[in-house]
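Readers should treat all values here as calculations from the given coordinates under stated rules, not as data from a laboratory. No experiment lies behind these values; they were computed from the predicted model shown. Every residue, glycine as well, gets a Cβ built from its backbone with ideal geometry; the counts of neighbours run over all protein chains shown.
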Amino acid sequence: MLEQLGRKLPNSIKKRTLFLVMFVFALTSFLLGIVSIFTASHEVEELFDARLAQQARLLVQLTGDNLSTEQKSTLFVYPDAITESEGYQLSKVGHQYESKVYFRIWHDGKVVVSSDQQVIEPDETAANGFGYADSEHYEWRTFELIKTLPAGTLVRIVVAERLDVRGEMVTEIVLNSVLPEVVGWPLIALFVWFAVSIGLEPLKQLTDRIRSIEAAKLEPVSLDNVPAELAPVQQALNSLLQEIDDLMAREKRWIADAAHELRTPLTVLKLHAQNAEFSASDEERQQALLQLRQGVDRSTRIVAQLLSYARVESQLNAPHNYAPLDVLKETRRIIAQLYPMAWDKGVNLEVAEQSQAITLLMADHHLEVILQNLISNAIKFTPSEGMIEVCWLVDDTHITLECLDTGVGVSEADFERLTERFYRGADLSGAGLGLSIVATLANHYDAEVIFEHHAPQGLIVRVIFPVCGH
């Protein structure tokens, strides 16, 4: 429902905010108006009822024993016993509301004083108190007071007021409180628009900064006095820009590395092809074609390693949901895949058995890449009849993967450079990326890669993973 309502609202944040603010303001004014009507009505009722009671009591105090039907001092003579000839000069000055108020006084059951000729009798429940009465299509609020004078005379007073007078008073009160707000809505809308414009100024600044970013130079977005609501947006945007910049840098580096690494093999392939084309004998042609095939194999390995390195870098920056991995089971599976390569070279490939299960929180394809590079690298440098052993060691704080071989080994001076990209040492058949890929993946899991001599000859490569929680 909220989503559908959002689609119907203006697409501009300013207009949407103005619409919502004015809608809330109008709704609040309407609800306050309703509350004001009930409150004002109640207060007016209380005030007018108090006035009716006060008027009735005042008339009682002014009424004495000497007042009789023969001595009428009234606003309206009933019957017409007082005339101007008797010395009374009736004023013509009055008020239109005089007809909306009423009182009448009875003295021993006879009307003595009355505001006009009409007779208003309260309902039976209003005896000596408040009540209601109907007369001439109007409803009246009445107050009746009965008093016995010291002389034993019974005085009855009825004071009444038309209810529409009270309604007019309530209407005036509500209009005087609500009407200024309604009239002021356009001015309020203008002020709200101005306030929203000022409030959204940082968003406009952020938009301008984003527009000024060049694709070739992704600089972080910086705002002065950034609001608290925009701070997470700025941080997320700068983080995204940094990731994009790193990705572009990796792509540029990969393209430059690929171009550098493939330039020489492609040149060599071209020379072998030319040698085969211009060979003077079949023997020379066969030799050139053999060298050409070996060059193609080397180029294929270089491209495969370049692609593998690029794939590893891209995977590490993608989100992963790692699950506990049975490393022994995964190691046996990968060794089974690589065993034909070792068998073809006459190298004995083994995995040390463990009595307990070993698990690591990592992706299975990452472990596969690590093992494939370590084992294939060991097979390449281990002569026939040599041995390669893979084992896992566990202690309280670390889980260690060891790959031992009886190959030609590496000088200790080269240990620090083995994980450098494109460092091949004496080997010119690869791209020098295998151990670099291993180090990259190990660093992703906060692991450490260590090299050590294997007596009497060979190399030990240890990848030490921290146990979770250490």
FRET efficiency estimate (nearest 0.05) - Cβ-Cβ, Glu121 to Leu163, R0 22 angstrom: 0.85
Distance between modelled label sites at Leu266 and Glu214, nm, 7 Å Cα→Cβ extension: 2.9
Distance (nanometres) between label positions extended 7 Å along Cα→Cβ at Gln242 and Asp344: 4.5
Full-extension gain in nm, Asn176 to Lys204, via 0.36 nm per residue minus C-alpha separation: 6.0 nm
FRET efficiency for Asp364 and Lys252, using Cβ-Cβ distance with R0 set to 35 Å, rounded to 0.05: 0.70
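Hey, fewest Cβ within 10 Å first, where do Ser36, Ser239 land in order?
Details: Ser36 18, Ser239 11.
Lowest count first: Ser239, Ser36.
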Gained length - Leu20 relative to Phe415, 0.36 nm times residue gap less alpha-carbon distance: 135.4 nm
Qualifying GluC sites (Glu not before Pro) in segment 108-196, DSSP loop, other Cβ atoms within 10 Å at most 10: Glu136
Dipole magnitude (debye, nearest 20) for segment 127-268, charges at Cβ of Lys, Arg, Asp, Glu: 140
Over 20 Å (Cα to Cα) - which of Lys15/Lys204; Lys217/Lys252; Lys252/Lys380; Lys345/Lys380 fall in this group: Lys252/Lys380
Estimated inter-spin distance, Glu385 and Thr397, nm [label 7 Å along Cα→Cβ]: 4.4
Full-stretch length increase - Val233, Arg332 - with 0.36 nm per residue and alpha-carbon distance subtracted: 30.9 nm
